[in-house]
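Here's the structure we're looking at; comments come further down.
The values are calculated or read from the model by the stated rules, or taken from the named source; none is laboratory data. Source: prediction; values computed, not measured. Ideal geometry is used to build each Cβ from the backbone, glycine not excepted, and the neighbour counts take in all protein chains shown.
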Amino acid sequence: MIIMLIPYLIALLFIHSIVAKVTIKPVNSAGLPSNQYIVENQLPLSNQTHELVKVEDIILVSQMSNSVLVKVQVDKYGVAQQVAGFQIANPNSSLHGLALSTKNPGMVWLTLEADNKLVLIDPVVASVTDAPKVIKEINVPKPGNGPHYIGEYETDLWVSLKESYHVLRINYENPKDYNLYQGVVHPIFVAQHPINKMFYSSEDDSSKIMKINPATGETTQINVNASAGTTPVGMISGPKGIWFALLGSKTAGTGTFGFIDHDDKIVYHKLTSPLGKDAALLHLAFDVAYKTNHKLYLLSSSIINPSALDMIIKVTFDKHWTTIKDEKVIVFPTQQCQSHRLLPTQFNVFATELSSSKLLTLFSP
Ligand SMILES: *[C@@H]1O[C@H](CO)[C@@H](O)[C@H](O)[C@H]1NC(C)=O
Ligand SMILES: *[C@@H]1O[C@H](CO)[C@@H](O)[C@H](O)[C@H]1NC(C)=O
Ligand SMILES: *[C@@H]1O[C@H](CO)[C@@H](O)[C@H](O)[C@H]1NC(C)=O
């Protein structure tokens with residue numbers, strides 16, 4: 001019996017000796033650095049989760065498809081502790097834009113895109129479950145239609161009107177004092193240049209940027225260079241000028257974002273990392289300590305292109321804000337979530353996921 005098994009034992013020894021040549025040892029993996037964590041906080045289900053602002057330890061999130069405002073109480077790193085949703089007007093009112101009031105600290109402006117209203121609320125952050133209170137309502141003057149973005153600049157609100165293609169300036173202390181600036185399809189964001197003080201609006205489907213001189217009422221259309229990319233969406237005021245993200249087409253992103261200087265000269269920056277170079281950039285936000293660390297966060301989104309990756313890209317510039325020194329890509333756990341807006345805080349970066357009803361937080365304890 002033993003003799004009959006000898007060939008098998010020899011064969012087993014041979015296999016073992018081959019297997020033993022496979023070595024296994026730890027490596028330093030690329031990807032999420034070991035001290036970084038992502039938590040995707042589940043919000044009440046909605047087809048469209050859009051914008052966000054933070055008041056104390058409460059994140060307010062707009063859900064447009066059902067016009068619900070979500071209050072999320074978070075810990076230091078943005079992990080949800082308690083969540084409550086509130087119907088704002090009716091389910092067809094299309095709650096969209098959110099902005100902090102600077103004149104009334106702790107109060108929040110919101111837009112009701114379908115009701116043509118701008119509303120100032122007290123979010124009542126002392127308790128997550130207490131309903132926010134309406135403080136002021138302003139009707140969008142006709143023929144203006146479809147308030148989307150809202151921002152408070154001293155006594156004025158600047159609002160993009162997505163349906164009538166206007167940008168609105170309106171004095172919230174005297175709403176009869178207003179201007180409607182006609183743009184082209186569709187004004188999305190509005191931002192004020194820190195140096196020349198002009199207002200700029202990204203017009204996504206026209207791939208143009210409208211410049212508004214509020215003193216003269218003059219408007220100018222600036223083309224986005226098609227060799228750089230198309231579809232400007234996210235547009236914010238930042239170091240030395242206006243910064244904007246290019247989303248690209250339904251089939252391709254170009255990993256490109258732009259900077260407008262005080263003379264309207266545009267510089268395009270192209271990401272170069274393997275995942276960054278084709279990113280579909282929807283939104284952007286500077287780090288809270290950008291003046292010293294020169295960091296900018298970009299959001300890549302699958303919102304119009306289902307094959308685009310949902311990612312946060314952390315970019316570090318040189319101290320003159322002219323050259324990208326470093327680029328780090330963080331891929332969302334939930335893909336095809338149509339990631340929508342970014343909000344950096346001192347301890348984390350939030351992002352909303354439009355189609356998956358989630359509030360992501362990226363943090364390093
Ligand atoms: C999402 O939209 C679909 C189709 O319009 C609808 O049937 C569904 O109830 C919506 N879901 C939520 C959570 O609002
Ligand atoms: C919302 O819109 C739908 C479709 O247009 C309509 O059937 C429904 O009655 C509206 N609901 C309210 C509360 O206005
Ligand atoms: C657009 O970009 C291309 C490539 O960088 C450049 O050659 C061209 O001059 C630019 N066009 C305009 C109008 O700036």
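When residues in segment 41-72 are screened for being within 16 Å of ligand 1 (Cβ to nearest atom) and more than 16 Å from the chain's Cα centre (by Cα), 12 of them pass. Selection of segment 213-260 for residues being aliphatic (A, V, I, L, M) and surrounded by 22 or more Cβ atoms within 10 Å (Cβ to Cβ) yields 224, 233, 235, 242, 245, 246, 247, 260.
Reported count of residues in segment 73-114, each being more than 23 Å from residue 159 (Cα to Cα), within 14 Å of ligand 1 (Cβ to nearest atom) and under 18 Å from the mean Cα position of the chain (by Cα), is 0.
Residues to consider are 108, 119, 125, 134; find the one that is over 18 Å from residue 172 (Cβ atoms) and more than 16 Å from ligand 2 (Cβ to nearest atom). Can you show your working first?
On the way: 108 fails: over 18 Å from residue 172 (Cβ atoms); 119 fails: over 18 Å from residue 172 (Cβ atoms); 134 fails: over 18 Å from residue 172 (Cβ atoms).
From the options 108, 119, 125, 134, the qualifying one is 125.
Matching residues to (1) free of Cβ contacts under 8 Å to residues at least 24 places away in the same chain; (2) touching a helix residue (DSSP H, G or I) at 6+ places or on another chain (Cβ under 9 Å); (3) part of a loop (DSSP other than H, G, I, E, B):
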{"position": "77", "(1), (2), (3)": "no, no, yes"}
{"position": "92", "(1), (2), (3)": "no, no, yes"}
{"position": "99", "(1), (2), (3)": "no, no, no"}
{"position": "102", "(1), (2), (3)": "no, no, yes"}
{"position": "109", "(1), (2), (3)": "no, no, no"}
{"position": "127", "(1), (2), (3)": "yes, no, yes"}
{"position": "131", "(1), (2), (3)": "no, no, yes"}
{"position": "138", "(1), (2), (3)": "no, no, no"}
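Of all positions in segment 315-322, at least one carries a residue that is crowded, with 18+ Cβ neighbours inside 10 Å, under 17 Å from the mean Cα position of the chain (by Cα) and modelled with pLDDT of 95 or more. On the stretch given as segment 43-71, residues that are within 16 Å of ligand 2 (Cβ to nearest atom) and not in a strand (DSSP E or B) total 7. Do you know which residues across segment 203-222 are farther than 17 Å from residue 164 by Cβ and out of contact with any strand residue (DSSP E or B) (no Cβ under 6 Å at 6 or more places or on another chain)? Passing the criteria: 207, 213, 214, 215, 216, 217, 218.
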